[in-house]
């Protein structure tokens, strides 16, 4: 079985596309559609990778990335940011665990490449 991936996106079409793509690569996928449930999901599911949207109900992706870096269990987990907001790319450059920033709409080949890279990158 592949790696465990947590997909955090409130757009059902994006979540379904990402889930389908990752499962076709052999990964286990759990989807979370709002920011409030992310930390609970992280502790219960213990993913190897997170795909994180920026604009989320409850708490935004940037605030979540801050919480994740301060959490002992998840601070070394790689994160791929998915966003329609290209200007927010610079905000995420300060997080060492953000391995890629994909602008929506994205190409699934780019997504697969970003996932492979994130999962083979040595942990900090």
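Please give the calculated 222 nm ellipticity per residue for the chain, where each DSSP H segment of at least 4 residues contributes -39500 (n - 2.57) and the sum is spread over every residue; nearest 500 deg cm²/dmol?
Calculated from helices alone, the mean residue ellipticity at 222 nm is -11000 deg cm²/dmol.
Quick check on the chain: of the DSSP beta bridges with both residues there, what percent are antiparallel, nearest 5%?
Taking every DSSP beta bridge within the chain, about 0 percent pair in antiparallel fashion.
Report the label-to-label distance for residue 76 and residue 11 in nanometres (one decimal), using points 7 Å from each Cα along the Cα→Cβ vector.
With each label point 7 Å from Cα toward Cβ, the separation is 3.3 nm.
Could you give P(r) for the chain, binned at 5 Å from zero, as whole percent values over all Cα-Cα pairs?
For the chain, the pair-distance distribution reads 2, 12, 25, 28, 22, 10, 1, 0.
Between segment 100-124 and segment 46-82, what is the C-alpha centre distance in whole Å?
Using only Cα atoms to place each centre, the spacing works out to 15 Å.
Quick one: grab Rg to one decimal and Dmax as a whole number for segment 76-123, Cα atoms only, in Å.
Rg, Dmax (Cα atoms, Å): 10.6, 28.
Bin width 5 Å, origin at 0, all Cα-Cα pairs of segment 23-82: what percent of pairs per bin?
4, 18, 32, 29, 12, 5, 1
Which value in nm describes the separation of the simple spin-label points at residue 3 and residue 95, placed 7 Å from the Cα toward the beta carbon?
According to this spin-label approximation, the distance is 1.5 nm.
When only C-alpha pairs under 8 Å and at least 6 residues apart count, what is the relative contact order of the chain, in percent?
Once divided by the residue count of the chain, the mean separation gives 22 percent.
Given a Förster distance of 25 Å, report the FRET efficiency between residue 24 and residue 84 from their Cβ-Cβ distance, rounded to the nearest 0.05.
Once rounded, the FRET efficiency stands at 0.60.
Rule-based calculations on the coordinates, nothing more; no lab input. This one's a predicted model, so the numbers in the text were calculated from it and none came from an experiment. Neighbour counts run over all protein chains shown; Cβ positions are idealised from the backbone, glycine included.
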